[in-house]
Structures are given as structure tokens and as C-alpha cells.
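Have a look at the structure below, then the notes.
The values are calculated or read from the model by the stated rules, or taken from the named source; none is laboratory data. No experiment lies behind these values; they were computed from the predicted model shown. No Cβ is skipped: glycine too gets one built from the backbone with ideal geometry, and neighbour counts run over all protein chains shown.
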Amino acid sequence: MAKELTLEETVRRRIEKKLKARSELRIHAMAFVSANIGIWLFWVFLNMSFPFPMIITFGWMIGLFAHYLDYSSKHGTIYQNREALIAREIEKERARSYDITSEKAKNDFSDDGNILLTEDGELSDSIIQELEENVTNAGRRNR
């Protein structure tokens, strides 16, 4: 039987895997740059008319981009965006399956305890009177 890993060991292995993948991507990028510099210098010194290094550079660039996408999908921003999307969808499904309605809370009461809205969502008479008084008082002050 295989030994069951502790939480620390599991986290450590995940981090080591991510760091190894990042290191491999960096090595790939450094090899791409250094080898292409060498290939292009070789081409310049030979005074060849057809730029064959362009084919090598373009092909290798596609491979390097694919390597970056692979890293990003497993450890980078693509992974993080996918995990956030999955978490949102899980919450939606959980809400549907448990029939949880996420209604927006109504602001039925003001800070001083007066009711601002009636049950059907209309402004209460007390707030309408208060607003009319404020308009009347503002008109008197402006005279």
C-alpha cells in the first residue's frame, strides 16, 4: 500500500512541480534566444542570400509559445481564471440544487428607524412629506 501524503507534502509537491515547469520554460526561452543568435550570426558570416534562419526561428517560436501556453494553462493566469470560473459555476449549481435564492436585500429602513418603503416598494408617506418639506425649506432659503 502506498503511504498517504500529508497536506504539507501535497502542497510541497505541487509547488515543486510548478517551479520545475517554470524553470523548464525559462531554460527553453534562453536556449531559443542563444541558439537563434548563433544561427543568425552564422548566416551573416556566410553571406547567404536565402534567410534560412527565419524558418528555424519561426518554427521554434511556435514551439516556445506552445510551451508557454502549456505552462500557463497548468500554473499561470489561464489556470487561475479557469479555477475562478469553476468556483462560480459550483456556487450557481449549489444555489440551484438547494433552492437558495440570492435576492438583493431591500433597504426598508433608514438609519433613524423610519420606514422608507412600503411593502409594494413604493415610498412611504413619511418620506414623501420629509422630501416635500426639504424642497419647501430650500426654496425659502434661496429667497
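Among residues that are surrounded by 10 or more Cβ atoms within 10 Å (Cβ to Cβ) and modelled with pLDDT of 90 or more, Leu117 is not included.
Here is the figure for region 1-46: residues that are among the small types (Gly, Ala, Ser), part of a loop (DSSP other than H, G, I, E, B) and surrounded by 11 or more Cβ atoms within 10 Å (Cβ to Cβ) total 0. Among the residues of region 62-100, just one is over 17 Å from the mean Cα position of the chain (by Cα) and within 14 Å of Lys18 (Cβ to Cβ), namely Asp70.
The rows are residues; the columns are (1) in contact with a Pro (Cβ under 7 Å, 6 or more places away or on another chain); (2) modelled with pLDDT under 90; (3) under 30 Å from Leu85 (Cα atoms).
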| site | (1), (2), (3) |
| --- | --- |
| Arg13 | no, no, yes |
| His28 | no, no, no |
| Ala35 | no, no, no |
| Met48 | no, yes, no |
| Phe52 | no, no, no |
| Ile62 | no, no, yes |
| His67 | no, no, yes |
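Among the residues in region 67-82, are any surrounded by fewer than 11 Cβ atoms within 10 Å (Cβ to Cβ) and among the aliphatic types (A, V, I, L, M)? No, that holds for no residue.
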